[in-house]
Structure formats: C-alpha cells, structure tokens
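In what follows, a single structure is set out as structure tokens and then discussed.
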Amino acid sequence: MRSLVQRSLVQRSLKQIKQLLGVSLAALLWVAAAKAQTQDAELPVILAVGESTTAGFGVARDKSWPAQLQALLDAEGWHYRVVNHGRNGITTAMALGNLNNGLALQPRFVVIALGGNDRTMHLSREQTKANLRRMVSIYRLTDAVVFLADRGAATDGGQAESASLYAELAAEEGAVLIPSLREGLAGDAALLIADMSHPNADGYAIIAARMLALLTPYLRAEAAAQ
C-alpha cells in the first residue's frame, strides 16, 4: 500500500515537472520569437511597392521576388528587412493612398514598380505620372533611395510611346531608373506560370538576383559611411 502511495506521488511529481518544463519552454520560445521580431523591426527597410509581380502572384509567399531578395541579403550578410507592399490589381492611385503605411517604415530604399493596372482602369498617362511623381518625390524627401521600374511594350504590353514616362520621371525626381521587373522573362514559358504573364518561382528568383545586383553598390556605400 505504502509502495503504491509513493509511486503515485512520484508520478504526480513527474507530471508537475513536465507541466512546468512545458510552460517554461513555451515562455522561452515566446521570448525568443519576440526578441527576433524586435531585432527585425530595428533593421533598415527595403520597401517593395508594386502590383501582382511584386506581390508574388502565382507562387507561394516565400517565392515572391521580395522574399527571395530577403534570403539573398541574409545569405550575403546584409542586415536589412525587405517589406513587400505589392498588391494584385493595384493602381498608382491606390498605392498613393497607401503611402503613409510605407512612410511609417522609414525605408532606406524603395522599389516602385507600378502603372500596368492604370491602363486597365483607364487612368491617363498624365494621371499615372502625377501619382508616381508624388510618391517618388515624398520618398526622396525622406532621403530614401528610390528605384523606379521602367515599363515597355515588349515586356509589359501597352503602347510603345508611353515607355518614356518612367525615364522622364526618374530624371526629373532623382530616382534610379531600373529595367522592367519582367525584363528577360516575357515569352519564356520556363520562367512564367500558365498565364504566360506572371513569373514562376524561377522567374521571381531572377528578379530577386537582379535587384540584389542593383542594390549592392548602394548597400556598400551605406556600410562605408557608417
């Protein structure tokens, strides 16, 4: 009888210890996650503002070009946080309405790839340029380096005469003009999903690698200035 009582006490003690260990482990994991989140939040931001190609349409979230850019930066030891403000179907007017959310991040670098949906929604060339100008100029006032993605008939559809809008705006507002995100991908079934418009994971990987190459000189300059 006494043996049974002792065994019961031991089992109860072991159960209590396991419960305490479980609670302690959960608490430690929560603290570690909160600490990592805080550290990430303190990293300088690279902000991606764009349409479905930036949002990562057609692939898992971790295969979008901003997510793959984050992985490349981490692998090379660059301590930045890539924030994806891409949204399917977004116009320049919608992106302008979301500007405060981007400014709140105080980004060091901003990649803007917009304009395709403006044509679908019948916004004029003048409206598109005015909306982009406002975004670019405000980010430039915060000392962010702004990369503005070009668009062309060959890569993004539309009329060829509209292709100079982005080059004009970049020159006027001090942005860095970069090739269309879809440069080199258009028409390549191996790099596109079934709609033959949006990249697949491999296509997004090419965009991410291209963005890293474009960013690297600026990241080095910033590191040298610190």
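Data table
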{"quantity": "Pairwise label distance in nanometres, ALA221 with ALA167, each label 7 Å out on the Cα-Cβ vector", "calculated": "2.2 nm"}
{"quantity": "Net charge dipole size for the stretch 43-225 [Lys, Arg +1 and Asp, Glu -1 on Cβ; Debye, nearest 20]", "calculated": "360 debye"}
{"quantity": "Electrostatic dipole magnitude of the stretch 133-215 [Cβ: Lys, Arg +1; Asp, Glu -1; Cα centre; debye, to 20]", "calculated": "200 debye"}
{"quantity": "Gap separating the Cα centres of the stretch 173-190 and the stretch 59-115, nearest whole Å", "calculated": "16 Å"}
{"quantity": "Full-stretch length increase - ALA41, THR142 - with 0.36 nm per residue and alpha-carbon distance subtracted", "calculated": "34.5 nm"}
{"quantity": "Peptide ranges 148-156, 68-76 listed from the most packed, as the mean C-beta count within 10 angstrom indicates", "calculated": "148-156, 68-76"}
{"quantity": "Label point distance in nm, ASN101-MET121, each placed 7 Å from Cα along Cα→Cβ", "calculated": "1.4 nm"}
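The numbers here are math on the coordinates, done by the rules we state, and not lab data. As the structure is a computational prediction, the values presented were derived from the model and not from experiment. Every residue, glycine as well, gets a Cβ built from its backbone with ideal geometry; the counts of neighbours run over all protein chains shown.
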